[in-house]
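Encoded as structure tokens, the structure appears first; notes follow it.
The values are calculated or read from the model by the stated rules, or taken from the named source; none is laboratory data. Just so it is clear, the structure is predicted and the values come from calculations on it, not from any experiment. With ideal geometry, Cβ positions are generated from the backbone for all residues, glycine too; neighbour counts draw on all protein chains shown.
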């Protein structure tokens, strides 16, 4: 799974990315500070099952703190997109191509309205962030449309074939943007185009298809950033009223990055997603003033910096993933003694057999049965997994 972090230049996108991953990136208030995509690891929160099983876990990846498992996810931060990016403006085509492998997008919006559509500084509150939401989605929709158009002559030739052949051909041509057979068929049904021959499609039909495929293959979560700036609060309200069906989460990448850096340097104790922090050392006047501002303007108003909430909702709500723990009914440790070493993120609707293949091809091919380690009940390969399941796979070794 890969999460793409997108937005216009100077929206605070790279600060958000750094706050989520603690990867140092170039951060400056001018367009195209980021050119090459940055990749890093963020974490999503899962209530660990170790207490239910009467053990203390020892993860191989990520970490567990106070019963909360922080599971790693990959993030990629691409350069800021500007209007007409799909036409190549501002190197837009190259930047959009960096998003091909992303399963979901976090759109970092400057909720304070202190940067215009090109990412240039303006007076706080003078730019409408609702326009940024509309422009970015339109650019990505038009990017999908352009890829569909590029492959259209080849696709139109199979317009007299069966629906199955049509779906297969479209999936082959559009696989680079998440157009697998499942997504293509779902898109055709949702857009009302499943029964219509490709040769009969209008330009409007193609655009509807492109937009719907984008919504299905790359859902977007909006991170309303820069909530530490006074003008952002009113704009957040306006954004939620304008886009009631979108997931919009208030956040401050600046606040989260400040807290994490202070914690890393041992000045305070802070857990991502928390509404408070604990000072561990004496701070100078500048540090005290900064943390007081973060507490007053962000933590007390919104309950957290919002960055962790964005990651959690992106994975578990927008993507609909669940977390499953590989475990054993008799042994919870791996060969190196790590207890409950792994936590695997799986798409909702995954079966025990899907989980076996995710762990190892041999486990899937040799699948005999699975065991729910909480209930000790045996389940078959078609058993649907639930969030926070602990599953043991019994298989025949090759």
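When restricted to residues that are in a helix (DSSP H, G or I) and in contact with a helix residue (DSSP H, G or I) (Cβ under 8 Å, 6 or more places away or on another chain), the stretch 223-259 contains 12.
Within the stretch 161-200, the set of residues being part of a loop (DSSP other than H, G, I, E, B), at pLDDT 90 or above and over 19 Å from residue 137 (Cβ atoms) comprises 180, 192, 193.
Checked against the criterion of being crowded, with 20+ Cβ neighbours inside 10 Å, at pLDDT 90 or above and over 20 Å from residue 310 (Cβ atoms), the candidates 127, 86, 107 yield just one match: 127.
A single entry from 299, 340, 332 fulfils the requirement of being closer than 30 Å to residue 269 by Cβ, at pLDDT below 95, more than 21 Å from the chain's Cα centre (by Cα) and crowded, with 18+ Cβ neighbours inside 10 Å: 332. Taken over the stretch 203-224, the criterion of being within 19 Å of residue 2 (Cβ to Cβ) and either surrounded by 20 or more Cβ atoms within 10 Å (Cβ to Cβ) or in contact with a strand residue (DSSP E or B) (Cβ under 6 Å, 6 or more places away or on another chain) (or both) is satisfied by 213, 214, 217, 218, 219, 220, 221, 222, 223.
So in the stretch 377-393, with the set limited to residues that are in contact with a helix residue (DSSP H, G or I) (Cβ under 9 Å, 6 or more places away or on another chain) and in a loop (DSSP other than H, G, I, E, B), which one is surrounded by the most Cβ atoms within 10 Å (Cβ to Cβ)? Here the residue is 385. Taking first residues from the stretch 270-288 that are at positive phi and in contact (Cβ under 8 Å) with a residue 24 or more places away in the chain and partners that are surrounded by 15 or more Cβ atoms within 10 Å (Cβ to Cβ) and part of a loop (DSSP other than H, G, I, E, B), the Cβ contacts under 7 Å between residues at least 6 apart in sequence or on separate chains come to 273/304. Would the stretch 276-285 turn up any residue that is assigned to a helix (DSSP H, G or I), over 20 Å from the mean Cα position of the chain (by Cα) and buried (at least 20 other Cβ atoms within 10 Å of the Cβ)? Within the stretch 276-285, none of the residues are assigned to a helix (DSSP H, G or I), over 20 Å from the mean Cα position of the chain (by Cα) and buried (at least 20 other Cβ atoms within 10 Å of the Cβ). Taking the stretch 110-124 as the range and being farther than 20 Å from residue 243 by Cα and crowded, with 22+ Cβ neighbours inside 10 Å as the test, the residues that pass are 114, 115, 119. Residues being under 28 Å from the mean Cα position of the chain (by Cα), surrounded by fewer than 19 Cβ atoms within 10 Å (Cβ to Cβ) and under 21 Å from residue 103 (Cα atoms) are represented in the stretch 190-202 by at least one member.
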